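Here is the structure we will look at, set down as structure tokens.
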Number of protein chains: 2
Amino acid sequence: MAASVRPLLHLCFVVIASMFALAKSPTAAYAAPRVTEFTLDNGLQVVVIPDTRSPVVTHMVWYKVGAADEPKGVSGIAHFLEHLMFKSTEHIPSGEFSKIVSRLGGQDNAFTGHDVTSYFQRISKDRLPKVMEMEADRMANLKLAEKEVLTERDVILEERRSRIENNPAAILDEQMDASLYLHHPYGVPVIGWEHEIAQLSPENAMTFYKRYYAPNNAILVVAGDVTPEEVKKYATETYGKIPANPAAPRSVRPSDPPQRVARRVTLEDPRAGKASIHRDYVVPSYATAAPREAEALDLLAKIALDGPTSRLYKKLVVEDKVASSAGGSYMGSALDDGKFSLYAVAADGVELDRLEASIDAVLSDVAANGVTSAELERAKNTYVAEYIYDNDNQASLARRYGWALSIGRTIPQIEGWPDEISKVSLDDVKKAAGSYLDARRSVTGILKPLKAPVAEATPSKSRS
Amino acid sequence: MAASVRPLLHLCFVVIASMFALAKSPTAAYAAPRVTEFTLDNGLQVVVIPDTRSPVVTHMVWYKVGAADEPKGVSGIAHFLEHLMFKSTEHIPSGEFSKIVSRLGGQDNAFTGHDVTSYFQRISKDRLPKVMEMEADRMANLKLAEKEVLTERDVILEERRSRIENNPAAILDEQMDASLYLHHPYGVPVIGWEHEIAQLSPENAMTFYKRYYAPNNAILVVAGDVTPEEVKKYATETYGKIPANPAAPRSVRPSDPPQRVARRVTLEDPRAGKASIHRDYVVPSYATAAPREAEALDLLAKIALDGPTSRLYKKLVVEDKVASSAGGSYMGSALDDGKFSLYAVAADGVELDRLEASIDAVLSDVAANGVTSAELERAKNTYVAEYIYDNDNQASLARRYGWALSIGRTIPQIEGWPDEISKVSLDDVKKAAGSYLDARRSVTGILKPLKAPVAEATPSKSRS
């Protein structure tokens, strides 16, 4: 039961945190651990990250499948299956998985994104063989009882209500994504559309499971006080017994036609609080960008959008006093396109037109003139400091490698990232800003408080 | 060769004309022909519409499949297959189909919509057995040579360029549809996205053909100087020999989540001419509406949007002088949702804000106050006059029955339509306007001339 709730907590937070974590790959110069990589005969890719500071390990399995791989009409099935993985197998009674981990003194969790689904435990090193046995067991032997599937579906519907429907900013975000992606499945929310979640069946979950959950479509990441030889031995004895499924690797998804019109969506909601403006641009991700382009977008986001020293905050909050807060980020850790996102909350009495004019002024300026060398140096240094800091965190390290490998990056690319960042020039940043901060690639979301209470939006009629 | 060009001419025009044609079903009181309907053993539904005024027949085959039934990532395959159906079979050499019809003194054509694909010939009555034999032949025996498939793909790409890419209003329309439908495949253009058309293969076409082209997924409509007995005999000897395919009927498509945010897309284009505003609302179709709701929307569109006597035209062009033209329509002939659409072209020197305010004033007025009984009577009378007029046209009649039956309407529904229209009350119209002219169900498209020439929009990066 706890497991089914906790993954949801992570649906929003862990995924976003990890997007940044990807960026933070160390080289030897940045106190990098010595990572070992090998592949079992059945195709399971294994990565071992040594960390002997305490006798604990982080054990993660990453499936190279996510919500963007769902068939038409069954949105939410990837996340639903993630919940159901905490139910029963041949060897684990229903709902016991997390309780067993807990009794062994460990913690476990899972999350689903558009591109990946990940399961993990943090536990003392002597328990590693046991959690590997359990994780391998549910890779192959999941059992779904009709009744508990339907109960879990109600849990997810309730979670959707509490996380999306009760949060106007989350509703707007879903609608912005649906407008931003014309054809690509990133326009469908990870948790799924409510009317489709309500129809998900045990068969939908089992079909998705049997297609995608296989050792040759997964990456095992073990970080902690363990040797590669030990991991290899344990993994061979557990995961190694599961046959590969040649059909498991995902298909290429439909891609978007050219981004060619500026879009705008307006949500008026009595619960909205202060009015705010949100904007997303479709930009390349680390997986799709030309060399140094994604790194330039990372630096651009840091300089233009991130925190109180960013250009956006300084202009909107400090100088023009049109916003009470403002910020943004680049989400580059995606198999397909990435996203460059920002927001600003209107200060009291400020019209949204005026707020938007200030936002546009900041963006036009960086697009036309780039940034300064002092800003670029500071941003690079901040990133390096953050990587080093993250190297101290076993879970962050495991997530960095697992996520990046799942979207097709290689270990040299992950570890060479700080070097690539250091090579980004003023011109690279200017070029990225000039190319991608183009209104035609964007959707602008307007969230407004609605004074009078309003009836719920009438749902679309479905086919009769 | 001619056949491959002519279908395209109809892609835009015939489809839209037919949407209106659906509405125009006669009752006995409206000089209706006596229609006969029967089904062959293999599931082919046959409709015979007598018309003995001249010795010609219109022969149509309607497949209950269209662009909205395409698998993910192969947009355009329904229309592409329609083109390829004019290539070769076991018995017809490549490209000869239309030439044979022409040599027999007939005309032929085809078109593809989101819900239907239709092939038809108009020919002298004694040639009917021959065209039935040919049409039945290509229902079962299509042959696709790699080379001619690839050549035809280039033809379609060129057609897309000329019809969509050279027409800013068509580009905007595609983008508006992509925003209006959040999840439903009506958001994908019938002709397909260019980057996907460019990848379509003979295998894609053959897979679609083998799945959907079968007698139990088709409707044969014969209008003209022929008896039901003759049609039955010919059809049994030709179509009757083709086995049913139990897998042919289409699956239910993904439906949209609730329509909850007003959307807006802006296209600036140097070729745009005068600035214009376009708006589409998602509304029920005849297939999804509650009783009299679709009829009320038809009448509302007639009164509010259709022609120089409409409210929109009178207010924008005549009274406020903010538009040089304005109009709109209801497209209710759809398997899933329908669309209520309008546009206005700005008069010289008029700002778009002012134009949009006038549009909104017209719509708010009908939503709040409905229409007058004089307007409603006039609109009903106009429709009846148009139906009677259409009854005189053999092709219009055949299309009316074929289209409506293809989306699941019955003959009594088709023929009872004028009676249903006559029953629509002032209150029904007011209720439809109040329920569906809701900004949250809409997308507004802005088309603006761009003074300076601009580079082409950068295409989205595809997965590397």
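For the condition assigned by TED's automatic domain parsing to the domain that holds B:Lys210 and farther than 22 Å from A:Pro254 by Cβ, B:Ile100 qualifies.
Being within 14 Å of chain A (Cβ to nearest Cβ), within 21 Å of the chain's Cα centre (by Cα) and aliphatic (A, V, I, L, M) is a description that does not apply to B:Ala223. In summary, strands (runs of 3 or more DSSP E) completely within region A:45-137 and bearing 3 or more residues that are in contact with a helix residue (DSSP H, G or I) (Cβ under 7 Å, 6 or more places away or on another chain), of a type in the set (Val, Ile, Thr) and farther than 19 Å from A:Gly192 by Cα occur at A:45-50, A:56-63.
Residues that are of a type in the set (S, T, N, Q) and part of a strand (DSSP E or B) were ranked within region B:301-331; the one that is farthest from B:Lys380 (Cα to Cα) is B:Ser324. The residue pairs whose first member lies in region B:241-255 and is outside the structural domain of B:Ala218 (by TED's automatic domain parsing), whose second member is surrounded by fewer than 15 Cβ atoms within 10 Å (Cβ to Cβ), and whose beta carbons are closer than 7 Å, counting only pairs six or more residues apart or on different chains, are B:Ser255/A:Ser462.
Got at least one residue in region A:346-355 being modelled with pLDDT of 95 or more, within 14 Å of chain B (Cβ to nearest Cβ) and within 28 Å of the chain's Cα centre (by Cα)? No, region A:346-355 has no match at all. Counting only helices (runs of 4 or more DSSP H) that fall entirely inside region B:384-456 and contain at least 2 residues that are touching a helix residue (DSSP H, G or I) at 6+ places or on another chain (Cβ under 7 Å) and away from chain A (no Cβ under 14 Å), the qualifying elements are B:394-406, B:417-423, B:426-436. Considering region A:173-197, and only residues there that are within 7 Å of chain B (Cβ to nearest Cβ) and more than 21 Å from B:Val252 (Cβ to Cβ), the residue that is surrounded by the most Cβ atoms within 10 Å (Cβ to Cβ) turns out to be A:Ser179.
Scanning region A:332-365 for residues that are of a type in the set (Val, Ile, Thr) and in a strand (DSSP E or B) yields a count of 1. For the structure I just gave you, tell me whether A:Lys64 is in contact (Cβ under 8 Å) with a residue 12 or more places away in the chain, closer than 23 Å to A:Leu335 by Cβ and surrounded by 16 or more Cβ atoms within 10 Å (Cβ to Cβ). Yes, satisfied. Screening A:Lys72 with (1) at pLDDT below 95; (2) more than 30 Å from A:Lys147 (Cα to Cα) gives one miss only, at (2). Here's a check for you: in region A:258-287, which residue that is assigned to a loop (DSSP other than H, G, I, E, B) and crowded, with 23+ Cβ neighbours inside 10 Å is farthest from the chain's Cα centre (by Cα)? Step by step, filter region A:258-287, then rank; the result is A:Val261.
If the condition is being over 28 Å from the mean Cα position of the chain (by Cα) and either on the phi > 0 side of the Ramachandran plot or surrounded by fewer than 16 Cβ atoms within 10 Å (Cβ to Cβ) (or both), then region B:357-397 contributes B:Ala357, B:Ala361, B:Ser364, B:Asp365, B:Ala368, B:Asn369, B:Gly370, B:Thr372, B:Ser373, B:Ala374.
Among residues of region B:278-303 being under 22 Å from A:Glu268 (Cα atoms) and among the hydrophobic types (A, V, I, L, M, F, W, C), the one that is nearest to the other protein chains (Cβ to nearest Cβ) is B:Val282.
Answer yes or no: is there a residue in region B:199-212 that is under 30 Å from B:Ser442 (Cβ atoms) and not small (Gly, Ala, Ser). There is no residue in region B:199-212 that is under 30 Å from B:Ser442 (Cβ atoms) and not small (Gly, Ala, Ser).
The values are calculated or read from the model by the stated rules, or taken from the named source; none is laboratory data. Quantities reported herein were computed from a predicted structural model and do not represent experimental measurements. Here Cβ is always computed from backbone atoms with ideal geometry, including for glycine, and neighbour counts include all displayed protein chains.
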